[in-house]
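Here's the structure we're looking at; comments come further down.
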Amino acid sequence: VELWGGVAVVGVSVLVTWVLHLSGWGKPPGRRPAEQWGMRVRDLSAREGHPGCVGCRLAGRWPKEPVVVVPAEAPGRVPGVAEGSAEVAG
């Protein structure tokens, strides 16, 4: 009985923390401007979602700026020429 009571308390606390975070009372990870350091300052960017935040992803909130990963060109490769090809870049 005591074990299940503890599990229930932990579950409720996780849900309450998540709701507070989504409503703007949980601070995003990383550095913030000095005017946002206070405990009574609400995070206005919570509605859009925080980049890399699991709680925001679970709520379906994605940041407006998509993260685009562009692979770097491998050194010595010629664009448009398949590897092992007999073509010579000139």
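Go through the stretch 1-16 and give me each residue that's under 20 Å from the mean Cα position of the chain (by Cα) and modelled with pLDDT under 90.
Result: no residue meets the conditions.
Within the stretch 1-44, how many residues are in contact with a Gly (Cβ under 8 Å, 6 or more places away or on another chain) and either over 20 Å from C56 (Cβ atoms) or open to solvent by less than 60 Å² (accessible area, probe 1.4 Å) (or both)?
Here is the first cut: in the stretch 1-44, the residues in contact with a Gly (Cβ under 8 Å, 6 or more places away or on another chain) are 17-18, 20-22, 26, 29, 42-44.
Then drop every residue that is not either over 20 Å from C56 (Cβ atoms) or open to solvent by less than 60 Å² (accessible area, probe 1.4 Å) (or both), which leaves 21-22, 26, 43.
Residues that pass the stated criteria total 4.
The values are calculated or read from the model by the stated rules, or taken from the named source; none is laboratory data. All figures in this text were calculated on a predicted structure; none of them were measured in a lab. Positions of Cβ are backbone-derived with ideal geometry, glycine not excepted, and every protein chain shown enters the neighbour counts. Accessible surface areas use protein heavy atoms only, side chains included; no ligands, DNA or RNA. Shrake-Rupley method; radii C 1.70, N 1.55, O 1.52, S 1.80 Å.
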